[in-house]
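Colleague: Have a look at the structure that comes next, please.
The values are calculated or read from the model by the stated rules, or taken from the named source; none is laboratory data. Note that this is a predicted model, so its numbers are computed, not measured. When we count neighbours, we look across all protein chains shown, and the Cβ atoms used for this are built from the backbone with ideal geometry, even at glycine.
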Amino acid sequence: MKAVVWHGVGDIRLDDVPPPKVQEPFDAIVRITTSAICGTDLHFVRGTMPGMREGTILGHEAVGVVEEVGSAVRNLRPGDRVVVPSTVACGTCSYCRAGYYAQCDNANPAGRLGGTVFFGGPQAAGGLDGLQAEYARVPFAHVGLVPLPETVDDGQAVLLSDIYPTAWFGARLAETGPGDTVAIFGGGPVGQAAVACARAQGAGRVILVDGLADRLELAARQHAETVDFNTEDPVEAIRDLTGGIGADRVIDAVGVDAQRPSGGPAAADDRQAQLFEEERRQAAPEQHPDGDTWVPGNAPSQAARWAVRAVAKAGTVGTVGVYPPQVDHYPFGEAFMKNLTLRCGNCNHRRYVPRLVERVATGALDPTPLITQWSATVDAIDAYAAFDRREPGWTKVALGLGGEGAMPPGSGEHAGVGTGTTAGGIGRPTGR
Ligand SMILES: NC(=O)c1ccc[n+]([C@@H]2O[C@H](COP(=O)([O-])OP(=O)(O)OC[C@H]3O[C@@H](n4cnc5c(N)ncnc54)[C@H](O)[C@@H]3O)[C@@H](O)[C@H]2O)c1
Ligand SMILES: [Zn+2]
Ligand SMILES: [Zn+2]
């Protein structure tokens, strides 16, 4: 079968590999119809999340059809159409039962303290083969896989694997409540989805900060108030927009590959630039850029620093942008002096996916406009590179693997115009 395979930092290829087999009683084999490329995948190719094993299939976002189930799986059968949550969890340990699926005690072969397990990640994250392939093995399938109604198409469902659950989780981490002003750093897919999720959780105003015109435009079409960090100091802009107070809640949807401004009043001075350079060496000890592709972010702590500064006193920062274990720079003293609440982590996908499927099925949410490109499997590596360089229009790439239900290439033409994405203004708060 065809699969996107990690060979090294800066080296990914579309390979022919053997299809997976059922190994454990709770496994399922899923024929993937649609997958997607995520900002998280870029960390592995840029070198900002080390520890990948050569030969690992990438990808942790997919929709597909159950092909085969292990002997212990009672709730799924071949032919069921499902969305695959990005993280893997047993469903029986105390963490899973409390909803902390990303901290499952049993999913990681390295044991309880091994860390979050997800598809297509480093050895430390379980070393599982990923979902950018024609078939995938899903452990604990009876807990993980979420069946889809026919009314939810692949384009919508693939964004429920990771992007919308993470955005929902980010808005929860930030303690978004009725009437809150929420500032989102990062206008990638997660940040864009967070506009809708923050509103659905009651946000009164949503401000989104990025440095890319097309992503700011996508957010503006969702009626977010946008700030370009290359022309304005985002902290000052957020204070100005909030009567000098700052945002009640901030969501960091950037993470370790943060960029510093290329110009404007917030551009780094020499001392800051030197500090960021040290951080970059710490974040990505091995780097293999190819020209302007696979280049790690040049200011790993930039979004974190802005988040802490832009939030109001006694406010909350929810961080879903990924920071790997080797990164230990955070403006803790500033956060302390402002009595901030800081919450962060890997999304407990399985906790949110079923409710999000329901929202899409009822028409309360339409994630499709976020997919700005559909790519065929054969073009996967070029699509990765265009997404990595953040070329205009390449905000979110879905990979059609040719199955039924997949949206045809070109469906992203209307990206950002779907009213269902967020329009409707202030939604009713829905609690957890
Ligand atoms: N916690 C989780 O479970 C989880 C799940 C999915 C994704 N993520 C992480 O969320 C982050 C975003 O994912 P994505 O797919 O949207 O990625 P992405 O790379 O497409 O988006 C990042 C965006 O941040 C912008 N940006 C860069 N520096 C910035 C800065 N200093 N201030 C504001 N914006 C800045 C970029 O221009 C880009 O639009 C990644 O770190 C990803 O790994 C976390
Ligand atoms: Zn993802
Ligand atoms: Zn568990």
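Colleague: Does Val5 meet the test of being assigned to a strand (DSSP E or B) and within 15 Å of ligand 2 (Cβ to nearest atom)?
Modeller: no
Colleague: Determine if segment 288-296 includes at least one residue that is out of contact with any helix residue (DSSP H, G or I) (no Cβ under 6 Å at 6 or more places or on another chain), within 16 Å of ligand 2 (Cβ to nearest atom), of a type outside the set (Gly, Ala, Ser) and within 30 Å of Val84 (Cβ to Cβ). Working first, answer last.
Modeller: Kept after step one, since they are out of contact with any helix residue (DSSP H, G or I) (no Cβ under 6 Å at 6 or more places or on another chain), are these residues of segment 288-296: 288-292, 295.
Add one more test, that the residue is within 16 Å of ligand 2 (Cβ to nearest atom), and what stays is none.
Within segment 288-296 (the criterion being out of contact with any helix residue (DSSP H, G or I) (no Cβ under 6 Å at 6 or more places or on another chain), within 16 Å of ligand 2 (Cβ to nearest atom), of a type outside the set (Gly, Ala, Ser) and within 30 Å of Val84 (Cβ to Cβ)), the answer is no, since none of the residues qualifies.
Colleague: Additional query: So which residues in segment 170-195 are more than 7 Å from ligand 1 (Cβ to nearest atom) and under 11 Å from the mean Cα position of the chain (by Cα)? Walk me through it before giving the result.
Modeller: As a first pass, look at segment 170-195 and keep what is more than 7 Å from ligand 1 (Cβ to nearest atom): 170-184, 192-195.
Within segment 170-195, Gly170, Gln192, Ala193, Ala194 meet the criteria.
Colleague: Check segment 148-159 and report whether any residue there is assigned to a helix (DSSP H, G or I), in contact with a helix residue (DSSP H, G or I) (Cβ under 6 Å, 6 or more places away or on another chain) and within 16 Å of ligand 2 (Cβ to nearest atom). Walk me through it before giving the result.
Modeller: First, the residues of segment 148-159 that are assigned to a helix (DSSP H, G or I): 154-158.
Checking which are in contact with a helix residue (DSSP H, G or I) (Cβ under 6 Å, 6 or more places away or on another chain) leaves us with 155-156.
From what's left, within 16 Å of ligand 2 (Cβ to nearest atom): 155-156.
Yes, segment 148-159 has at least one match.
Colleague: Would you mind stating whether Arg221 is at pLDDT below 95 and either of a type in the set (A, V, I, L, M, F, W, C) or not assigned by TED's automatic domain parsing to the domain that holds Arg390 (or both)?
Modeller: Values: at pLDDT below 95: yes; either of a type in the set (A, V, I, L, M, F, W, C) or not assigned by TED's automatic domain parsing to the domain that holds Arg390 (or both): yes.
The answer is yes for Arg221.
Colleague: Here is a list: Arg309, Arg239, Arg271. Which entry is outside any loop (DSSP other than H, G, I, E, B), touching a helix residue (DSSP H, G or I) at 6+ places or on another chain (Cβ under 7 Å) and surrounded by fewer than 20 Cβ atoms within 10 Å (Cβ to Cβ)? If you could, list the steps in order and put the result at the bottom.
Modeller: Details: Arg239 fails: touching a helix residue (DSSP H, G or I) at 6+ places or on another chain (Cβ under 7 Å); Arg271 fails: touching a helix residue (DSSP H, G or I) at 6+ places or on another chain (Cβ under 7 Å).
Selected residue: Arg309, the only one of Arg309, Arg239, Arg271 that is outside any loop (DSSP other than H, G, I, E, B), touching a helix residue (DSSP H, G or I) at 6+ places or on another chain (Cβ under 7 Å) and surrounded by fewer than 20 Cβ atoms within 10 Å (Cβ to Cβ).
Colleague: Residue by residue through segment 48-71, note down the ones that are buried (at least 20 other Cβ atoms within 10 Å of the Cβ) and either within 30 Å of Arg280 (Cβ to Cβ) or touching a Leu at 6+ places or on another chain (Cβ under 6 Å) (or both).
Modeller: Those that are buried (at least 20 other Cβ atoms within 10 Å of the Cβ) and either within 30 Å of Arg280 (Cβ to Cβ) or touching a Leu at 6+ places or on another chain (Cβ under 6 Å) (or both): Thr48, Met49, Met52, Thr56, Ile57, Leu58, Gly59, His60, Glu61, Ala62, Val66, Val69.
Colleague: Scan segment 132-151 and give yes if some residue there is at pLDDT 95 or above, within 14 Å of ligand 1 (Cβ to nearest atom) and either touching a strand residue (DSSP E or B) at 6+ places or on another chain (Cβ under 8 Å) or not charged (D, E, K, R) (or both), otherwise no. Step through it out loud before you land on a result.
Modeller: Initially, segment 132-151 is screened for residues at pLDDT 95 or above, giving 132-148.
From what's left, within 14 Å of ligand 1 (Cβ to nearest atom): none.
No, every residue in segment 132-151 fails to be at pLDDT 95 or above, within 14 Å of ligand 1 (Cβ to nearest atom) and either touching a strand residue (DSSP E or B) at 6+ places or on another chain (Cβ under 8 Å) or not charged (D, E, K, R) (or both).
Colleague: Follow-up. If Gly79 satisfies every condition in (1) without any contact (Cβ under 8 Å) to a residue 24 or more places away in the chain; (2) small (Gly, Ala, Ser); (3) assigned to a strand (DSSP E or B) but one, which is the exception?
Modeller: With respect to (1) without any contact (Cβ under 8 Å) to a residue 24 or more places away in the chain; (2) small (Gly, Ala, Ser); (3) assigned to a strand (DSSP E or B), Gly79 is out only on (3).
Colleague: Within segment 89-103, is even one residue farther than 18 Å from Gln23 by Cβ, of a type outside the set (Val, Ile, Thr) and at pLDDT below 95?
Modeller: No, segment 89-103 has no match at all.
Colleague: Could you say whether any residue in segment 54-72 is closer than 28 Å to Ala258 by Cα, among the polar types (S, T, N, Q) and within 16 Å of ligand 1 (Cβ to nearest atom)?
Modeller: At the first step, the residues of segment 54-72 found to be closer than 28 Å to Ala258 by Cα are 54-62.
Applying the additional criterion that residues be among the polar types (S, T, N, Q) yields 56.
Narrowing the set further to residues that are within 16 Å of ligand 1 (Cβ to nearest atom) leaves none.
No - not one qualifying residue is present in segment 54-72.
Colleague: Now a separate question. Output the residue which, of all residues in segment 312-340 that are in contact (Cβ under 8 Å) with a residue 60 or more places away in the chain and in a loop (DSSP other than H, G, I, E, B), is surrounded by the most Cβ atoms within 10 Å (Cβ to Cβ). Talk me through it step by step, then tell me what you get.
Modeller: Restricting attention to segment 312-340, the residues satisfying the condition of being in contact (Cβ under 8 Å) with a residue 60 or more places away in the chain are 312-313, 315-324, 326-327.
Subset that is in a loop (DSSP other than H, G, I, E, B): 320-324, 326-327.
Details: Val320: 28, Gly321: 25, Val322: 21, Tyr323: 23, Pro324: 18, Gln326: 14, Val327: 18.
Among those that are in contact (Cβ under 8 Å) with a residue 60 or more places away in the chain and in a loop (DSSP other than H, G, I, E, B), it is Val320.
Colleague: Filter segment 77-100 down to residues that are within 7 Å of ligand 3 (Cβ to nearest atom) and buried (at least 17 other Cβ atoms within 10 Å of the Cβ) and give me whichever is nearest to the chain's Cα centre (by Cα). Step through it out loud before you land on a result.
Modeller: Of segment 77-100, the ones within 7 Å of ligand 3 (Cβ to nearest atom) are 89-93, 95-96.
Checking which are buried (at least 17 other Cβ atoms within 10 Å of the Cβ) leaves us with 89-90, 93, 95-96.
Details: Ala89: 18, Cys90: 22, Cys93: 25, Tyr95: 22, Cys96: 21 Å.
Once the filter is applied, the top-ranked residue is Ala89.
Colleague: Evaluate the following for Ala89: is it more than 16 Å from ligand 1 (Cβ to nearest atom) and of a type in the set (Gly, Ala, Ser)? Reasoning before the result, please.
Modeller: Values: more than 16 Å from ligand 1 (Cβ to nearest atom): no; of a type in the set (Gly, Ala, Ser): yes.
Spelling it out, it is not the case that Ala89 is more than 16 Å from ligand 1 (Cβ to nearest atom) and of a type in the set (Gly, Ala, Ser).
Colleague: For segment 95-110: of the residues being in contact with a Ser or Thr (Cβ under 9 Å, 6 or more places away or on another chain) and in a loop (DSSP other than H, G, I, E, B), which is farthest from Ile57 (Cα to Cα)?
Modeller: Our first condition is that a residue be in contact with a Ser or Thr (Cβ under 9 Å, 6 or more places away or on another chain); within segment 95-110, this holds for 100-108.
When the remaining residues are screened for being in a loop (DSSP other than H, G, I, E, B), the result is 100, 104-108.
Values: Tyr100: 26, Cys104: 22, Asp105: 24, Asn106: 22, Ala107: 18, Asn108: 18 Å.
That would be Tyr100.
Colleague: Go through the residues of segment 276-297 one by one and say whether even a single one is under 19 Å from the mean Cα position of the chain (by Cα), modelled with pLDDT of 95 or more and within 22 Å of Asp210 (Cβ to Cβ).
Modeller: no
Colleague: Could you grab me the full set of residues in segment 375-394 that are in contact (Cβ under 8 Å) with a residue 24 or more places away in the chain and in a helix (DSSP H, G or I)? Steps first, please.
Modeller: At the first step, the residues of segment 375-394 found to be in contact (Cβ under 8 Å) with a residue 24 or more places away in the chain are 375-378, 380-381, 383-385, 387-390, 392-393.
Across segment 375-394, the qualifying residues are Thr377, Val378, Ala380, Ile381, Ala383, Tyr384, Ala385, Phe387, Asp388.
Colleague: Next question, about the same structure. Out of Leu113, Leu128, I need the residue that is without any contact (Cβ under 8 Å) to a residue 40 or more places away in the chain, part of a loop (DSSP other than H, G, I, E, B) and within 16 Å of ligand 3 (Cβ to nearest atom). Which one? Spell out how you get there, then give the answer.
Modeller: Numbers: Leu128 fails: without any contact (Cβ under 8 Å) to a residue 40 or more places away in the chain.
Being without any contact (Cβ under 8 Å) to a residue 40 or more places away in the chain, part of a loop (DSSP other than H, G, I, E, B) and within 16 Å of ligand 3 (Cβ to nearest atom) holds for just one of Leu113, Leu128, which is Leu113.
Colleague: Please verify whether Arg74 is surrounded by fewer than 22 Cβ atoms within 10 Å (Cβ to Cβ) and not in a strand (DSSP E or B), treating the condition exactly as stated. Before the answer, list the steps.
Modeller: Values: surrounded by fewer than 22 Cβ atoms within 10 Å (Cβ to Cβ): yes; not in a strand (DSSP E or B): yes.
Taking the combined requirement at face value, the residue satisfies it.
Colleague: For segment 30-45, indicate whether the set of residues that are closer than 23 Å to Tyr323 by Cβ, among the hydroxyl-bearing types (Ser, Thr, Tyr) and in a loop (DSSP other than H, G, I, E, B) is non-empty. Even if it seems obvious, please write down each step before you answer.
Modeller: Kept after step one, since they are closer than 23 Å to Tyr323 by Cβ, are these residues of segment 30-45: 36-45.
Subsequent filtering for residues that are among the hydroxyl-bearing types (Ser, Thr, Tyr) retains 40.
Imposing the further condition that a residue be in a loop (DSSP other than H, G, I, E, B) reduces the set to none.
No; the residues of segment 30-45 include none that is closer than 23 Å to Tyr323 by Cβ, among the hydroxyl-bearing types (Ser, Thr, Tyr) and in a loop (DSSP other than H, G, I, E, B).
Colleague: Are any residues in segment 63-78 within 20 Å of Val353 (Cβ to Cβ) and of a type in the set (Gly, Ala, Ser), and if so, which ones?
Modeller: Listed by number, the list holds a single entry, Gly64.
Colleague: Filtering segment 341-374 down to residues that are hydroxyl-bearing (Ser, Thr, Tyr) and in contact (Cβ under 8 Å) with a residue 40 or more places away in the chain, which residue is farthest from Pro189 (Cα to Cα)? Before the answer, list the steps.
Modeller: Step one: of segment 341-374, the residues hydroxyl-bearing (Ser, Thr, Tyr) are 341, 352, 362, 368, 372.
Okay, now just the ones that are also in contact (Cβ under 8 Å) with a residue 40 or more places away in the chain, so 341, 352, 368, 372.
Details: Thr341: 25, Tyr352: 17, Thr368: 11, Thr372: 10 Å.
Per the criteria, the residue is Thr341.
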